[in-house]
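Data first, discussion second: the structure below is written as structure tokens.
The values are calculated or read from the model by the stated rules, or taken from the named source; none is laboratory data. If you're wondering where the values come from, they're calculated on a predicted model, not measured in any experiment. Cβ: placed from backbone, ideal geometry, glycine included. Neighbour counts: every protein chain shown.
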Amino acid sequence: MPHIRALIIFFLIPKIGLSQFVLSKFNPDTLGKKSIISGQPIYTIKWKDKLGDNFIILTEGKEVNVDPMKAPATMNDDDVHKNKSLYAFHLVNGDSVLWKLTDFEKLCPFDVIAEFRDGSTRITDIDKNGIAETWIMYSTTCASDVSPRTLKLILHQGSNKYAIRGTSQPSTSMEDKEYGGKFVPDHSFQTLPKSFLKYAQELWSQYLYDY
């Protein structure tokens with residue numbers, strides 16, 4: 001049922017949000033700036049617009065145990081604390097970094113999660129100016145049970161960043177009415193046409209559920 005729901009929402013997303021560009025995958029090893037790439041690549045996409053040849057790379061770092069000798073004094077020595085990071089990079093013409101995104105979950109004694117929402121990345125031209133907007137969505141949490149995660153949707157227009165922060169829902173059959181499903185746009189979203197926020201709300205709804 002969740003898969004059917006996701007398909008229905010996908011087809012309801014306005015065509016204005018669909019990419020006007022020719023999109024394709026690529027090998028990150030072919031880029032001149034590959035030395036700046038942190039983590040393990042999990043998704044790539046490229047296209048051409050008024051900025052030139054654009055390359056997006058999403059990567060996730062390995063789960064790392066914290067060295068007890070470097071841990072805060074407040075940590076329980078009996079617990080194993082873990083860090084996990086994720087990264088996104090936008091390169092133009094193969095060697096110019098337009099922006100870099102880094103986020104993480106640190107010092108987690110439970111299940112540590114920092115991961116992109118599978119299939120959620122979008123390349124659009126909502127304002128039809130010939131320069132792509134990029135949408136990247138991911139979740140982070142440190143949890144010992146099934147509970148809402150921190151959820152973020154990051155929009156870039158060129159080097160300008162706009163963020164929506166909130167919380168996920170565990171599943172359609174296990175919704176958290178108190179803490180789950182929060183949707184909080186940054187104040188900067190008010191400077192954009194309303195069509196941007198409308199698209200963000202629909203994309204958020206499509207990838208709200210963890211399972």
Determine the pairs where a residue that is at positive phi, located within the stretch 40-60, has a partner that is of a type in the set (A, V, I, L, M, F, W, C) with Cβ atoms under 9 Å apart, the partner being 6 or more residues away or on another chain. Gly52/Val92
Out of the strands (runs of 3 or more DSSP E) lying entirely within the stretch 123-211, which hold 1 or more residues that are charged (D, E, K, R)? 133-143, 150-157, 160-167
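Please pick out the residue among Asp118, Asp79 that is out of contact with any helix residue (DSSP H, G or I) (no Cβ under 9 Å at 6 or more places or on another chain), free of Cβ contacts under 8 Å to residues at least 24 places away in the same chain and either farther than 24 Å from Phe183 by Cβ or surrounded by fewer than 17 Cβ atoms within 10 Å (Cβ to Cβ) (or both). Before the answer, list the steps.
Details: Asp79 fails: free of Cβ contacts under 8 Å to residues at least 24 places away in the same chain.
It is Asp118.
Can we say Leu155 is farther than 30 Å from Asp67 by Cα, touching a strand residue (DSSP E or B) at 6+ places or on another chain (Cβ under 6 Å), surrounded by 14 or more Cβ atoms within 10 Å (Cβ to Cβ) and of a type in the set (A, V, I, L, M)? Step through it out loud before you land on a result.
Numbers: farther than 30 Å from Asp67 by Cα: yes; touching a strand residue (DSSP E or B) at 6+ places or on another chain (Cβ under 6 Å): yes; surrounded by 14 or more Cβ atoms within 10 Å (Cβ to Cβ): yes; of a type in the set (A, V, I, L, M): yes.
Here the answer is yes, as Leu155 does meet what is asked.
Restricting to the stretch 1-39, and then to whatever is part of a helix (DSSP H, G or I) and at pLDDT 50 or above, can you tell me which residue is surrounded by the fewest Cβ atoms within 10 Å (Cβ to Cβ)?
Ser35
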